[in-house]
Structures are given as structure tokens and as C-alpha cells.
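Inspection log for the structure reproduced underneath, given as C-alpha cells.
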Amino acid sequence: MNVEPAELPGLAAATSLALLRQHAPLVHCLTNDVVQAFTANTLLAVGAAPAMVIEPREAAQFSAVADALLINIGTLTERRGVSMLAAIEAANQAGTPWVLDPVAVGALTFRTEFALSVLPLKPAAIRANASEILALAGQPALGRGVDSADDSRHALPFARRLAEEYGTLVAVTGRVDFITDGERAWSVADGDIMMTRVTGTGCALSAVVAAFCALPGDRLQHVAAACRVMARAGRLTAPESAGPGSFAVGLLDRLYRLQGEDLQ
Amino acid sequence: MNVEPAELPGLAAATSLALLRQHAPLVHCLTNDVVQAFTANTLLAVGAAPAMVIEPREAAQFSAVADALLINIGTLTERRGVSMLAAIEAANQAGTPWVLDPVAVGALTFRTEFALSVLPLKPAAIRANASEILALAGQPALGRGVDSADDSRHALPFARRLAEEYGTLVAVTGRVDFITDGERAWSVADGDIMMTRVTGTGCALSAVVAAFCALPGDRLQHVAAACRVMARAGRLTAPESAGPGSFAVGLLDRLYRLQGEDLQ
Amino acid sequence: MNVEPAELPGLAAATSLALLRQHAPLVHCLTNDVVQAFTANTLLAVGAAPAMVIEPREAAQFSAVADALLINIGTLTERRGVSMLAAIEAANQAGTPWVLDPVAVGALTFRTEFALSVLPLKPAAIRANASEILALAGQPALGRGVDSADDSRHALPFARRLAEEYGTLVAVTGRVDFITDGERAWSVADGDIMMTRVTGTGCALSAVVAAFCALPGDRLQHVAAACRVMARAGRLTAPESAGPGSFAVGLLDRLYRLQGEDLQ
């Protein structure tokens, strides 16, 4: 358990990315107000299709026909919570995989209670930073706000425990990402610090994780591939950028053009 | 009726664009959550002015003083529907033209009922893709989500019928755009596939259509000119772009710099 | 009183900027729907940290731990007004400075009443254009929408009066910015017209003002420095831009790279 997880092989990531582009999954995003456009553009760039449908009745209707559902609680409201629960229930009935991004869980009471209440509703995956994983696992979190103050390596045992307890996958991301189903685990060590100077890169990654969850085959590999695709695109974009503005633009360009060989 | 509509002359488009920049119409946008910033920036780039005012009382007050009103149902909620109805009523009383963008109509019950309920409220124009036009016309739609699976040419007869029945203009956009008042029709054949890899290009076009509806003169020509302006800007931007990120940025730059001669 | 205020010295602006980057204040933004991503990215670029938390209970909880709070009424709704009042009250109890951006006040009844109702709640600063300052001061406003039709110089005496009456700072921005506490005043004459062709530059400036209000020391200088930082970044970016798309991207890059010597 304490062995450092192996790096996801580039070939596996390339295979998952090719599969994603072949399937072009439609991702129903119930996400926060800040990152909607960037999330949609990230999904389009990587080869998936986004749709934001938020009225409770429509959210339930739509998540039943989408290929995956994203639940991101960054700007959770009572009303949006109702839509999310309706969408999760419909997704579960239809067999649509759904992904939880528990933004800033632990720091704020309302969203913490909400996040804990949906954990037993069988998410296909959870994508979070170390602080958020600690909070979900009932550990004292160090950070405030959305930047992770803890290290993803420190959070890995708690990620494993969460994955096991809820029968889900957990991707804990940071300078190094770890992706685990409780037993198996992959690491992805490719991110760039510039990712933290653009709002919504983590949220967009969660949407990409949702897209990859829609693919047939080894879901743990697919989720790790999603992390690898974003991290590698960031790594390749950073040296070409003059700052966070051109980085965000270049990241979308890079995701669009990313080839299997770029991942190896 | 079955003759292919003629291409809008470049000179006509250039005349409409010059008029738009002279009038700089203020467009009240009740649009979806995903595309607000891109819509506002598109209006500013082309030479119009955006304002998003959403509280029901304010929406009614504002649409009476704006030059045009956009109603886009992409993230319709019950509450936003109330604002939209109030804004439409005030616009109609003040003689402010309003434009309907019936995003994903047909695919979801709540918005479909809403869109059908506002059709008789005298929109100046409807801007939609082929699937959405088919849905408004009571035909079985093929697509799911917001990408048009049908061809705009196939939808043209239904666009004509809608325009006639509701005394409105219909712009059905896709690889080729058709703009009709039921009797007359123009085509615009200038778009670029990259448009579909950036979220909100269709929604932003609807806002631009609303801006052009505020101009004096031949509204059918103006609406066709709006389509031509966006399509041509896209066509000119695509070869200079490294992907959808730089395409979206370049599109705004291009709209800002677009000259009459670029349209011919 | 009628003497033209002196230009903020570059060295003072540079000192404030260095302090900002050292403190990296966390800014709780209750802002409008259109500008959320641009506001967050601007704060990240300049060296602060954004967080948008909107559910009333969470807004109160969060503004007590944030370093500053921004209240922007651009897309005010009744529900959002409740969150704002809860956040202001908690901020005041915790000693967190809060900043008011009274977007389009005067033009619309609901938001005007709201803005006037929060003025006595001790904002640390108000950032507005000339029309909005006139409206807050009970003067007839000329503009409609968010672009300032009046000149900031004309609004300066009313800005002074507001600052005195409410014990706050007022930054009235336009081609020239004036920043006053009622008695003292600075001017910043560095902006670029391109700023008006990108949505949310004024709103983002208000968020930056909020970040600078969190710093220890001379708050009037800090707020003037915030104006100077944005204006200078705009001035340096404009000649390198091909239009408003690349300008917005370049502005973020420039804010990120801005050095003290650039301000002098």
C-alpha cells in the first residue's frame, strides 16, 4: 500500500484518448458559475461535447440521455443542489456515470453536508485536490479556498480509503496526481504551476474525467489518462506562454491538437 | 419556393455593418450562463453594446430602453423564464425588437414548452440550427444536445413556414446559413467548422442578429448581414489559428477590425 | 478642493503592488454573471486569490474568513441581494474590508435602491464610473447601460462628497481615474480606450481594488495603486494587440509579469 504508484504508461493514455475522440461523449455539466465557458471549451477541445442544463426537471431528463454527468459544487446553491440530486438520481437509473468535484469541501458547512450526502450515491469517480480529499475523509483540512495546501502524496491513503468505502475511483491532483480504485493506483507527474494561475483548470479536468468515464474498458486507466492529457497539455503549453492569459488560450489549442505520441 | 436562395451580396452586408457601427445598438441579453462573457465581447467587438439585466423587474424596465432584446434558453430556469416573459412584454410595448435563440428545443420538455409559448409573442427574428427549427416546426428532430445533426438546407422549408406563420424572420444556420421571411430568402455560405469547437459562437451570433434587428431599413438584409459578418470573420480567422483557443481570440479581433471590403 | 489631484507616484504604486504579492489576499467575489471568469483570472494574474461563494449561508461564513469582499450588482437578483447583505454583515463583524461596484446604478430602480441601502454599511471603497457616482450622489445621470457618458473629472466633487459622507474611499474611473477619501485625492491617467471594448475590465478592477484594500498601510494609496496597475497594464498591452480578443489575453499576461519599474 505504501509503495509509490507507477506512472501511467504513455501508451495507455494514448489509447484512452483515441477512444475518447472516437466516442465523443456528451457530458452534462452541473458546474460552478465561474468556469462554465472554460469547461465547455476544454471538453470541445479534447474531443467531447458539453451541455449545461440546470433546471431541475430538465437536469433529470438530460442526465438520463447524456454519456456522463459532472457535479461540481463550487457555487452550490440550495436550488442548484436540487437540480444536482435530480440529475444524479436519473443518471444512476440510466446507468450514466457521474463524477463529483467537491470544490472547497470542508471549508464551508453547506457544501460539506451536500458533498457528504451524495458520496453514497455511487459516483463513478471523484476528482479533487488534497485538502478536499482530506475533508471528504473526515480529516482536518489545512487549506482555505480552492488551492490545495496539502500534498497529494499525503492524501493518497485517504483517497484509497474513500475509493474502497464508496466503490468509486478517486483522482487526487496536485503537483503529482494519483488515481486509485482503492487497490490499484497510477501516478501522473506532469503538471505545471501555471495551471494554478488560471481559474477553472481543476474544474475543467473534472469534466474531462467525466468524459473519460463514459468510455468502455478499464475506467481506472481512462481516468488516469484524463489527468495525463490535461497535465501534459499544460506542460507543453507553459513554455510557449507569456503569462496566464496566453497559457489558457494555448492550453485549449494544445488539447485540440494533442496526439498520442505527445503523451509518451 | 424550391429554388436555392441567392447568396447575400457583399455590398449589402457591408452597408448593414456600417449602419450597425453608426448606431451601436444596446442589446439586452437574457442568455445562458455559459456564453455570457463571449456574447458580450462579441457584441463589443462588432460595434454594439451589451447589457445583461436579469432580475424580473429590472429586465422589464431595461428591455423597454434597450435597442434590442435577446432571449436565449440554453440554461433556462423557471425564474429566468419569468424574467424573459417580463422582458418580452416590455419590449413589445416599447417597440423594441426581440430575437429568440431556442437552444436545444425539442430535446427537453420544459424549454420546448417555453419556446413554443413565446413564438406567438412576435419575435423579430429566430436564430437556430436545423434541429431546433425542425423542433419548432413540430417535426421530429434528430440531434441531441446543441450540435445540429440535420442540414440547414433540409430545414429551410420549415424555416419559411415558421417565418410566415409567426410573421418573423428565421435564420437557420449551419455549414450554409439561410435567412428567410417566408417569401424572400438569402443564403450565406462562409462558415468554418472551427466555429463548432468553441462554445457560444451560435449564441453570440444570435446576439449579433439582435443588434442588427435594431437598425432601420430592410431587416431581412440586416439579419443576413449579421450571419455573413460572423461567418466571414470565422472563415478569415480559422487559417490563422492554432486551435479553438486562439480561434476564439482571433474571432473577436477580426470582428473588431472587419471592414466592408472583407465582406465582398 | 478644486485643484487637480496629483498623479499617484509610480514608486508608491510599485510599493503597493509588491505588498499585494507578498500578502496574496483572498478576495470573496459576489459579482455579476458575465464577468466571473475574467475577474477570477485578473485576481490570479495580479497575485491575489479569488473565491466565488454565493449561497447566503456560505457567503456569510466565507466573507468572515476572506481578506476582502467584493459586491458587484451588475446582475443583481433578489436572491443574490440576500447573499450580499449576509456577506456584508459578516465582513463587517469580522473586520473584512468590502468594496462596492454599483454597476449601472441610477438606470434601474431595483439595483439603485439596493446600492443606496448598502452605502451606510461602511464599504472600504467604492469603484464606479462617473455616471454611477453621480447616481449615488443623487445627481441626474446621463448614461444608459454601463459605459460612462460623463467625465470622471466632472464627477470628482461628488466622489469627494460621497467619500466624506460615508467615511469611505471613492475611485471614479474613466479616461482619467480619481481616487479620494474626501480630502486627499490621487489621479491616474494611464488607461486605454481598448479597455472599453472588453467586457468586465471595470468589474475586474473593482475586484483588484478589493484585494488592495486588504493590505496594511495607507489604503488611499493602495486603491490608487490598484487603478494604476490596471491602467498601466492596459496601456502597455494595447499597442501589442490586434483587437479586443488579444487585448484581454495580453492584459492578463501583462498583469502577471508587471514589475515595479513598469509603474514608474
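Taking the Cβ of B:A185 as the center, what net charge do the other residues with Cβ under 15 Å away carry, scoring Lys and Arg +1 and Asp and Glu -1? Spell out each step's value before the answer.
Working: positive: B:R127, B:R153, B:R160, B:R161, B:R184, B:R219, B:R228; negative: B:E4, B:E7, B:E164, B:D177, B:D181, B:E183, B:D218.
Net local charge, B:A185 excluded: 0.
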> All other residues with a Cβ under 11 Å from the Cβ of B:I73 taken together, and with Lys, Arg as +1 and Asp, Glu as -1, what is their net charge?
Replying inline: -3
>> If you take each beta carbon of peptide B:50-62 and count the beta carbons of other chains within 10 angstrom, what is the mean?
In response: 6
> For the protein assembly as shown, max minus min Cα coordinate along each principal axis, in Å, sorted largest first?
Replying inline: 74, 72, 42
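Relative to the Cα centre, what is the charge dipole magnitude of the stretch B:194-264, using +1 at the beta carbon of each Lys and Arg, -1 at the beta carbon of each Asp and Glu, and rounding to the nearest 20 debye? Don't skip to the end; give the middle numbers.
Numbers: 7 positive and 5 negative charges, 28 e Å.
The calculated dipole for the stretch B:194-264 is roughly 140 debye.
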>> For a test of the definition: using alpha carbon positions, the gyration tensor, and the 1.5 limit on a/c, classify the stretch A:58-137 as rounded, prolate or oblate.
In response: prolate
> So how strong a dipole does the stretch B:1-124 carry about its Cα centre when Lys and Arg Cβ are +1 and Asp and Glu Cβ are -1, to the nearest 20 debye?
Replying inline: 140
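Evaluate the relative contact order of the stretch C:6-255 (contact order divided by residue number), counting alpha-carbon pairs under 8 angstrom at least 6 apart; express in whole percent. Please list the in-between numbers first.
Numbers: 528 pairs, mean separation 54.3, N = 250.
Result for the stretch C:6-255 is 22 percent.
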>> Taking 35 Å as R0, compute the FRET efficiency from the Cβ-Cβ separation of B:S117 and A:E165 and round it to 0.05.
In response: 0.15
> Mind checking the mean number of beta-carbon atoms from other chains within 10 Å of the Cβ atoms in A:24-33?
Replying inline: 2
>> 7 Å from Cα along Cα→Cβ at both C:Q259 and B:R21: what's the point-to-point distance in nm?
In response: 3.8
> Which of the peptides C:223-231, C:169-177, B:13-21 is most tightly packed, and how do the rest follow, judged by the mean count of other Cβ atoms within 10 Å per residue?
Replying inline: C:223-231, C:169-177, B:13-21
> In whole Hz, what ³J(HN,Hα) sequence does the stretch A:185-190 give by Karplus (6.51, -1.76, 1.60; θ = phi - 60°), x for Gly and Pro?
Replying inline: 7, 10, 10, 9, 10, 9
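Averaged over its residues, how many other protein chain Cβ atoms are within 10 Å of peptide B:103-112's Cβ atoms?
Working: counts 2, 4, 0, 0, 6, 9, 3, 7, 4, 1.
Taking the mean over all residues of the peptide, I get 4.
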> Placing a label point 7 Å from Cα toward Cβ, how far apart in nm is A:P157 from its equivalents in the other copies, listed shortest first to one decimal?
Replying inline: 7.1, 7.1
>> Can you give the local net charge around C:V105? Use residues other than it whose beta-carbon is closer than 9 angstrom to its beta-carbon, Lys and Arg +1, Asp and Glu -1.
In response: 0
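Pull out a ≥ b ≥ c, the square roots of the eigenvalues of the alpha-carbon gyration tensor of chain C, then state rounded if a/c is under 1.5, prolate if not and a/b is larger than b/c, and oblate in the remaining case. Walk me through the intermediate numbers first.
Details: a/c = 1.30, a/b = 1.14, b/c = 1.14.
Verdict is rounded for chain C.
Using only helices, what value at 222 nm comes out for chain A when you add -39,500 (n - 2.57) per DSSP H run of length 4 or more and divide by the total residues, to the nearest 500 deg cm²/dmol? Could you put the intermediate results ahead of the total?
Numbers: 10 runs with 128 residues, N = 264.
That comes out to -15500 deg cm²/dmol.
Nearest 5 is fine: what % of DSSP beta bridges in the stretch B:6-263 come out antiparallel, could you say?
On the way: 7 of 28 bridges.
For the stretch B:6-263, the DSSP antiparallel bridge percentage is about 25.
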> What full-extension length gain, to one decimal in nm, is calculated for C:D151 and C:E183 as 0.36 nm per residue of separation minus the Cα-Cα distance?
Replying inline: 9.5 nm
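What is the stretch A:75-190 by shape, rounded, prolate or oblate, if you read a ≥ b ≥ c off the alpha carbon gyration tensor as root eigenvalues and call it rounded for a/c under 1.5, prolate for a/b larger than b/c, and oblate otherwise? Walk me through the numbers on the way to the answer.
Details: a/c = 2.01, a/b = 1.26, b/c = 1.60.
Taking the square roots of the gyration eigenvalues as a ≥ b ≥ c, the stretch A:75-190 is oblate.
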>> What does the copy distance list look like for B:G95, label position 7 Å along Cα→Cβ, in nm and ordered from shortest?
In response: 6.0, 6.0
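The numbers here are math on the coordinates, done by the rules we state, and not lab data. Since the structure is predicted, the reported quantities are computational estimates derived from the model, not experimental observations. Using ideal geometry, Cβ is built from the backbone for each residue, glycine included, and neighbour counts are taken over all protein chains shown.
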